Amino acid sequence: MKVWVLFVIIVVLCWGAYVPTIHAGQTSIGNTNRMNSAMWAFLFVGLAYCLLGVAVPIATLASKGAITELPAMKGAQVSLLAGLLGAAGALGVIFALNSGGTPLTVPPLVFAGAPIVATLITMTMHPPKSAPSWPFFVGILLAATGAGLVLRFKPS
């Protein structure tokens with residue numbers, strides 16, 4: 001197995017566990033105000049991002065002696081935007097769960113919709129050499145249909 005496939009499996013498992021776990025955290029906070037519970041849960045998500053997203057890169061860069069090399073400004077800005085998009089997505093999950101969505105309804109929409117959006121944005125940023133063939137569009141339709149089927153026939 002290629003190393004990148006192992007990392008993809010790790011991401012699928014982590015992101016797949018995210019919505020049910022954050023929902024459990026949000027409902028276990030113990031605050032009677034749902035919005036306060038949601039914000040406490042998001043605060044702890046943010047702390048986790050800080051711990052993992054700051055400590056690991058600093059340790060890795062320091063171990064390679066690269067901590068003093070500043071990145072190109074454009075790269076830093078685009079990476080910051082990516083982080084903001086990730087955090088906004090996590091906050092969106094919190095708000096979706098807090099306003100009536102459940103761990104059975106939110107993930108199918110998020111995890112079927114996000115890859116479609118990511119593919120279309122990537123194709124815009126890096127246009128393919130030739131137009132996609134019809135199976136590509138069937139795949140997008142199947143991803144959307146799959147989310148619909150999961151929602152329609154979710155366990156009650």
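The values are calculated or read from the model by the stated rules, or taken from the named source; none is laboratory data. Computed from a predicted model, the values in this text were never measured in an experiment. So basically every Cβ, Gly included, is an ideal-geometry build from the backbone, and we count neighbours across all protein chains shown.
The residues listed here are T27, T21; of these, the one that is touching a helix residue (DSSP H, G or I) at 6+ places or on another chain (Cβ under 8 Å) and part of a helix (DSSP H, G or I) is T27. Among the residues of the range 32-42, not a single one is hydrophobic (A, V, I, L, M, F, W, C) and either assigned to a loop (DSSP other than H, G, I, E, B) or modelled with pLDDT of 95 or more (or both).
Reported count of residues in the range 16-66, each being more than 20 Å from L85 (Cβ to Cβ) and of a type in the set (V, I, T), is 6. Look at (1) touching a helix residue (DSSP H, G or I) at 6+ places or on another chain (Cβ under 6 Å); (2) of a type in the set (G, A, S); (3) touching a residue at least 40 places away in the same chain (Cβ under 8 Å) and you find that G46 fails only one, number (1). Within the range 77-94, the residues that satisfy the criterion of being surrounded by fewer than 13 Cβ atoms within 10 Å (Cβ to Cβ) and hydrophobic (A, V, I, L, M, F, W, C) are V78, L80, L81, A82, L84, L85, A88. Tally time: how many residues in the range 101-151 are outside any loop (DSSP other than H, G, I, E, B) and closer than 25 Å to L91 by Cα? So the count comes out to 24.
Does T60 satisfy being within 25 Å of V150 (Cα to Cα), in a helix (DSSP H, G or I) and either in contact (Cβ under 8 Å) with a residue 60 or more places away in the chain or hydroxyl-bearing (S, T, Y) (or both)? Criteria not met by T60.
Among the residues examined, L97 does not qualify as within 18 Å of the chain's Cα centre (by Cα), in a loop (DSSP other than H, G, I, E, B), on the phi < 0 side of the Ramachandran plot and touching a residue at least 24 places away in the same chain (Cβ under 8 Å).
Restricting F136, F111 to those that are farther than 22 Å from G16 by Cα and of a type in the set (F, W, Y) reduces the list to F136.
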